[in-house]
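For reference, the structure discussed in these notes is given below.
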Amino acid sequence: MTVLITVWGASPGVGKSTLCAGLSQRLTDTGLRVDHFREEEILTRAQFSAVADEFQATGTVALETLIAATAEFADAVEASGDHVVITDALMPFVPTLLAMGHGEETIDAFMTDLTEVLARLRPVMVFLDGNAESALSRAVAREGEQWLDWYIDKLAGYHVTPPVADAASAVKYLLRERAVTLGAARRKNWGLIVIERADELSPGEVLRAAEQGLKPWLGRPSHDCIDLRP
């Protein structure tokens with residue numbers, strides 16, 4: 001059975017994409033067939049074409065469209081024969097749902113449907129936890145000051161709660177996003193690995209912690225929640 005590893009984090013700049021690339025290479029080196037689904041591919045993967053079309057036409061996506069696309073994706077994964085799929089900030093779509101103005105009750109109902117669709121792929125979330133403010137600073141150091149303005153403007157244009165107008169309010173929103181994402185995964189019994197203080201660790205340390213936490217899923221079925229404290 002394929003394992004679906006979905007990587008999330010407390011903030012941009014916490015190291016999600018770096019971890020996804022590292023995990024993909026490391027697992028490929030062990031002989032596993034790995035599909036690395038990068039964050040930007042949501043608009044180009046064939047199974048999500050209806051999502052891309054709907055978003056580009058209306059600026060939003062119906063929950064039914066997301067569920068249908070995910071079911072198509074699960075079908076394609078099963079047909080591919082890949083052992084592992086690593087997704088960078090994709091499922092369970094919680095930030096997208098928050099951006100569209102959905103409340104936690106709606107998100108919980110959506111997660112019930114999504115979990116049923118993904119059950120055949122054994123989903124496990126790796127969550128890079130840490131200080132959102134520090135992680136944002138890392139993102140700015142990497143991308144430049146203009147990136148922070150772009151990010152704040154993007155969040156300000158969504159229907160998020162609390163609303164975002166500056167870096168401080170962006171951090172407050174990210175704390176809510178974190179809580180809703182982790183809460184939804186725990187309530188639906190997803191596999192969950194939380195790597196604490198990821199913003200203080202080197203990429204190599206984060207990779208080693210993720211590999212250690214993923215051993216139960218890559219070696220035998222498990223639905224445990226593991227909180228790693230490197």
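The values are calculated or read from the model by the stated rules, or taken from the named source; none is laboratory data. Computed from a prediction, not measured in an experiment: that's the story for all the values here. Backbone-built Cβ (ideal geometry, glycine too); neighbour counts: all protein chains shown. Please note that ligands, DNA and RNA were not included when accessible areas were found on the heavy atoms of the full protein model with its side chains. Shrake-Rupley method; radii C 1.70, N 1.55, O 1.52, S 1.80 Å.
Observations on the model:
- Total residues in the stretch 164-178, condition assigned to a loop (DSSP other than H, G, I, E, B) and either among the hydroxyl-bearing types (S, T, Y) or surrounded by fewer than 20 Cβ atoms within 10 Å (Cβ to Cβ) (or both): 2
- Residue, surrounded by the most Cβ atoms within 10 Å (Cβ to Cβ), within the stretch 142-163, restricted to residues that are touching a residue at least 24 places away in the same chain (Cβ under 8 Å) and farther than 19 Å from G13 by Cα: V160
- Residue satisfying all of: in the stretch 179-197; part of a helix (DSSP H, G or I) and open to solvent by 80 Å² or more (accessible area, probe 1.4 Å); nearest to G213 (Cα to Cα) among these: R186
- Residue match in the stretch 42-61 (condition: open to solvent by 30 Å² or more (accessible area, probe 1.4 Å), more than 16 Å from W217 (Cα to Cα), at pLDDT below 95 and basic (K, R)): yes
- Note on the stretch 33-52: among residues that are part of a strand (DSSP E or B) and either among the aliphatic types (A, V, I, L, M) or touching a Cys at 6+ places or on another chain (Cβ under 8 Å) (or both), the one that is farthest from A68 (Cα to Cα) is V34.
- Selection from the stretch 79-104 of residues that are assigned to a helix (DSSP H, G or I), in contact (Cβ under 8 Å) with a residue 12 or more places away in the chain and farther than 22 Å from L192 by Cα: S80, A99
- Looking only at residues of the stretch 22-41 that are farther than 16 Å from H83 by Cα and more than 11 Å from the chain's Cα centre (by Cα), we find that the one that is surrounded by the fewest Cβ atoms within 10 Å (Cβ to Cβ) is E40.
- Out of A139, A76, sole residue that is open to solvent by less than 20 Å² (accessible area, probe 1.4 Å) and in contact with a helix residue (DSSP H, G or I) (Cβ under 7 Å, 6 or more places away or on another chain): A139
- Test: residue in the stretch 123-130 that is under 19 Å from R176 (Cβ atoms) and open to solvent by 10 Å² or more (accessible area, probe 1.4 Å): yes
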